[in-house]
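The next block holds one structure in the form of structure tokens; read it before the comments.
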Amino acid sequence: MFISFEGTEGVGKSTLIQRIYDTLLEKNNAVTLTREPGGTAIAERIRALLLEVHEEQMCSDTELLLMYAARSQHLAQVILPALNANQIVLCDRFTDASFAYQVMGRGLASEKLQILNQSFVSRMPDLTLWLDAPVEIGMARAKARSELDRFEQEKISFFNKVRSGYQYLYETQPERVKKIDATQPPEDVLSQALAYIQKHITV
Ligand code: TMP
């Protein structure tokens, strides 16, 4: 089973994924925990390039293509082999992030994304958990935890567009994309996430 986790910055995604990973391992499941952009040595170098702040402005097309360069490497080296070995794959972000950030946030044509998905993405997640919270709440958390990366330096208006992108995916693909209110206590977020996962597998 392939599960992806999505959301704007600072919604508690990493904490939730780690807790789900621990819960699944405790119950003797074979689990791979990974992230995008990244997840392999080469893809992590592409991630660094994407998140660093450069003097030169990165074109939105370059950003999109780098995301897919990293994704191709990650699918081939990590995700597909793990799924073929019957592992549960927990992935911190996947193609929905490219729709939310590059298409809705940056304003790129959705046709570009469609071409990339058709050409390079042979497997979509079975389940996507979208952690949703007002952008201001998440940004305050992101600011408090570390120096802001190239994405985190974007304006609130950018993240509101990203959030509306996730809302669109949730409304148009409700069988795959589930929304969880990330402003709830972490225990409630975890139990809701586990309930969605349990509909697919016995954990
Ligand atoms: P994160 O792993 O800390 O959430 O950071 C990754 C950043 O990359 C985050 O700001 C969202 C962004 N991103 C995209 O813009 N498009 C994508 O396809 C992916 C996977 C991530």
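When a/c is below 1.5 the answer is rounded, else prolate if a/b is larger than b/c, else oblate, so apply that to region 73-134 with a ≥ b ≥ c taken from the square roots of the Cα gyration tensor eigenvalues.
Since a/c reaches 1.5 but b/c is at least a/b, the shape of region 73-134 is classed as oblate.
For the chain, the relative contact order is 33 percent, taking Cα pairs closer than 8 Å that sit 6 or more residues apart in sequence and dividing their mean separation by the residue count. Calculated [222 nm] ellipticity per residue, helices only, for the chain: -15500 deg cm²/dmol; basis is -39500 (n - 2.57) per DSSP H run with n ≥ 4, divided by all residues, nearest 500.
Cross-link reach is defined here as a Cα-Cα straight distance under 19 Å, omitting same-chain residues fewer than 8 places apart; for residue 112 the lysines meeting it are 161. Among the lysines, which fall within straight-line cross-link reach of residue 27, defined as a Cα-Cα distance under 27 Å, with same-chain neighbours fewer than 8 residues apart omitted? Partners within reach: 13, 178, 179, 199. The alpha carbon convex hull volume per residue for region 2-198 rounds to 119 Å³. For region 121-203, the mean projected area of the C-alpha convex hull, equal to one quarter of the hull surface, is 7.1 nm².
Bear in mind these aren't lab numbers, they're just calculated from the coordinates by the rules spelled out. Treat the numbers as computed from the prediction; the structure is a model and nothing was measured.
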